[in-house]
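All remarks here apply to the structure that follows.
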Amino acid sequence: MAQLFLVGTPIGNLKDISIRALETLKSVDVIACEDTRHSLKLLNHYEIKKPLFACHKFNERESAEKIYALICEGKDVALITDAGMPAISDPGAIVVNALIEKGVQITTVPGATALTSAMALSGICQPIFTFIGFLPPKNKDREALLKPFENVRTSLVIYSSPYDVKKDIEYLYRLLGERKLHVIRELTKIHEEHIVTMLSQGFEGEAKGEYALIIESAEIIEQKPLASVEEQLKELIEKGEDKKSAIKKVAKANSLPKDEVYKIALKMD
């Protein structure tokens with residue numbers, strides 16, 4: 001039975017492609033590419049000549065129907081993106097989801113990803129990290145996405161273009177505060193660079209190439225233990241609060257019934 005192959009391609013160095021990936025691309029009947037012009041550089045380098053068609057973020061649903069039709073004709077199809085694994089901050093997820101619903105057989109031919117390469121290069125020992133991908137363009141959407149991680153002990157991995165990297169780092173500092181930052185660019189290429197700095201330092205120099213930003217996790221915030229109900233009541237009353245008001249505030253602050261706090265207040269008299 002014909003099937004869809006999700007094939008990982010190099011993220012920079014053309015040699016970072018697996019033997020299985022090359023064998024798959026040579027064996028399929030058709031290759032769906034994010035950008036046919038970009039993919040031709042890779043395919044020509046390995047002397048792979050196959051019919052190509054574009055499958056990008058603006059035509060994924062139509063591409064899914066086309067791929068399904070080809071598979072129904074008994075043709076194997078490979079899906080590749082410009083770099084890395086399809087559906088990982090690249091087109092592909094909509095295609096995969098649509099074809100799963102149609103019962104199409106899908107398999108992966110793993111390849112390089114900037115995510116795992118950047119994390120390995122960072123040397124961060126903490127085993128937990130969160131992959132964010134590219135930030136939304138609007139600040140309100142960025143805040144909605146990132147706010148839950150403000151005080152969570154997980155490193156954040158963010159992709160950024162040379163056009164956005166400076167403002168992305170500035171925004172991350174405003175929202176998350178001071179954190180250690182790893183700026184990694186041009187992974188696997190001759191100008192690969194790994195800079196360890198702080199969010200407050202921002203980005204210096206001319207931005208070139210594609211970036212993976214790793215923001216290390218927030219430090220644990222030690223909170224003072226909550227004072228006892230008696231101590232809270234005493235503090236409010238000493239500040240001039242009347243007893244009824246103090247009882248109401250302490251009950252609300254501790255999610256306790258007011259009559260329970262009232263009984264505690266009686267014992268203080």
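The values are calculated or read from the model by the stated rules, or taken from the named source; none is laboratory data. It should be emphasised that the depicted structure is a prediction, and the values quoted were computed from it without experimental measurement. Note: ideal-geometry Cβ built from the backbone for every residue, glycine included; neighbour counts use all protein chains shown. For accessibility, only protein heavy atoms count, side chains too; no ligands or nucleic acids. Shrake-Rupley method; radii C 1.70, N 1.55, O 1.52, S 1.80 Å.
Observations
- A simple rule links phi to the HN-Hα coupling: the Karplus curve 6.51 cos²θ - 1.76 cosθ + 1.60 with θ = phi - 60°, which for segment 34-46 gives 4, 9, 4, 5, 5, 5, 4, 4, 5, 5, 5, 4, 9 Hz, with x for Gly and Pro.
- Contact order, relative form, for the chain: 17 percent (alpha carbon pairs under 8 Å, 6 or more residues apart, mean separation divided by residue count).
- Length gained on full extension, Asn44 to Cys72, computed as 0.36 nm times the residue gap minus the Cα-Cα distance: 7.3 nm.
- ³J(HN,Hα) computed for each position of segment 23-33 - Karplus, 6.51 cos²θ - 1.76 cosθ + 1.60, integer Hz, glycine/proline x: 4, 5, 5, 6, 8, 6, 8, 9, 10, 9, 10
- Amide hydrogen neighbours beyond the local backbone of Leu79, cut-off 5 Å, H modeled: Phe5, Leu6, Val7, Ala32
- Sequence-ordered 3J(HN,Hα) estimates for segment 161-167 from the Karplus curve with 6.51, -1.76 and 1.60 and θ = phi - 60° stand at 8, x, 7, 10, 4, 5, 6 Hz, glycine and proline given as x.
- Between Ala2 and Val196, the C-beta separation translates, for a Förster distance of 51 Å, into a calculated FRET efficiency of about 0.60.
- Relative contact order (percent, whole number), segment 144-226, Cα cutoff 8 Å, 6+ residue spacing: 43 percent
- The Kirkwood hydrodynamic radius of segment 102-228, based on inverse pair distances between different Cα atoms, is 16.0 Å.
- Once C-alpha pairs closer than 8 Å and six or more residues apart are averaged by separation and normalised to the residue number of segment 15-159, the relative contact order reads 22 percent.
- For Ser155, the amide hydrogen comes within under 5 Å of the amide hydrogens of Thr130, Ser217, counting only partners 5 or more places away or on other chains and with H modelled in the peptide plane.
- What a 1.4 Å probe finds exposed on the chain is 53% carbon and sulfur by accessible area, rounded to a whole percent.
- Here the extension length gained between Arg37 and Ser18 equals 4.7 nm, from 0.36 nm per residue of separation less the Cα-Cα distance.
- In the full protein context, segment 95-151 carries 58 Å² of accessible surface per residue, based on a 1.4 Å probe and ignoring ligands, DNA and RNA.
- Distant-in-sequence amide contacts of Gly92, defined by a placed amide H-H separation under 5 Å and a gap of 5 or more residues or a different chain, comprise Ala87.
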